Amino acid sequence: MSKVTKEIFLVYDKECPVCDYYCQVVRLRESVGSLTIVDAREPSELMDDITAKGFDIDQGMVLIVGDRFYYGSDAIHTLALMSSRSGLFNRFNCWIFKSKTISYVLYPMLRSLRNLLLKTLRKTKINNLNKSKNVKY
């Protein structure tokens, strides 16, 4: 039996402690491939692609599976569907975010909490889309 693996990248703001924890503990099923996590604050071709597609990395993580890009709630929903069920965190993650509707409803709230945390920590925005007056949270 041959295993089909895809290149899978998760691009997020590594300076967000909650995002960093999530990205470090989420595990994918072996059958879908291995996950490479990418710090959105570091220049890369992936960030160039994300910016070219108009995704605001300050407003959502990006999951890239092969040539498909998933943004924000779609990223967290797709991760849940691909995740292993090993460990309490991954089972909980799948249980919550396997529903596209629940992911869509919860993601903006989680993003708001993230933005508040980053403001409290006095972090700057990544501002990959170079929006004016978009430097601080």
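For region 62-74, indicate whether the set of residues that are without any contact (Cβ under 8 Å) to a residue 12 or more places away in the chain, within 14 Å of L10 (Cβ to Cβ) and out of contact with any Asp or Glu (no Cβ under 9 Å at 6 or more places or on another chain) is non-empty.
Yes, region 62-74 contains at least one residue that is without any contact (Cβ under 8 Å) to a residue 12 or more places away in the chain, within 14 Å of L10 (Cβ to Cβ) and out of contact with any Asp or Glu (no Cβ under 9 Å at 6 or more places or on another chain).
Considering only region 5-32, state which residues are among the β-branched types (V, I, T) and at pLDDT 95 or above.
The answer is V11, and nothing else.
Within region 33-42, identify whether any single residue is over 19 Å from F69 (Cβ atoms), modelled with pLDDT under 95 and not aromatic (F, W, Y), and answer yes or no.
Within region 33-42 (the criterion being over 19 Å from F69 (Cβ atoms), modelled with pLDDT under 95 and not aromatic (F, W, Y)), the answer is no, since none of the residues qualifies.
Look through region 75-84, keep the residues that are outside any strand (DSSP E or B) and in contact (Cβ under 8 Å) with a residue 24 or more places away in the chain, and return whichever of them is surrounded by the fewest Cβ atoms within 10 Å (Cβ to Cβ).
Filtering region 75-84 for residues that are outside any strand (DSSP E or B) and in contact (Cβ under 8 Å) with a residue 24 or more places away in the chain, the one surrounded by the fewest Cβ atoms within 10 Å (Cβ to Cβ) comes out as S84.
Looking only at residues in region 59-80 that are among the aliphatic types (A, V, I, L, M) and under 10 Å from the mean Cα position of the chain (by Cα), which one is farthest from N130 (Cα to Cα)?
L79
May I ask you to say which residue of D56, D20, D49 is within 30 Å of S132 (Cα to Cα), outside any helix (DSSP H, G or I) and acidic (D, E)?
Just a single option satisfies the conditions, and that option is D56.
Name, by its number, the condition in (1) surrounded by fewer than 17 Cβ atoms within 10 Å (Cβ to Cβ); (2) under 17 Å from L10 (Cβ atoms); (3) in contact with a strand residue (DSSP E or B) (Cβ under 8 Å, 6 or more places away or on another chain) that does not hold for K119.
(2)
For region 86-120, how many residues meet the condition of being part of a loop (DSSP other than H, G, I, E, B), out of contact with any Leu (no Cβ under 7 Å at 6 or more places or on another chain) and without any contact (Cβ under 8 Å) to a residue 40 or more places away in the chain?
Here the count works out to 1.
The values are calculated or read from the model by the stated rules, or taken from the named source; none is laboratory data. Here the structure is a predicted model, which is why all the values come from computation and not from measurement. Here the Cβ is made from the backbone with ideal geometry for all residues, glycine too, and neighbour counts use every protein chain on show.
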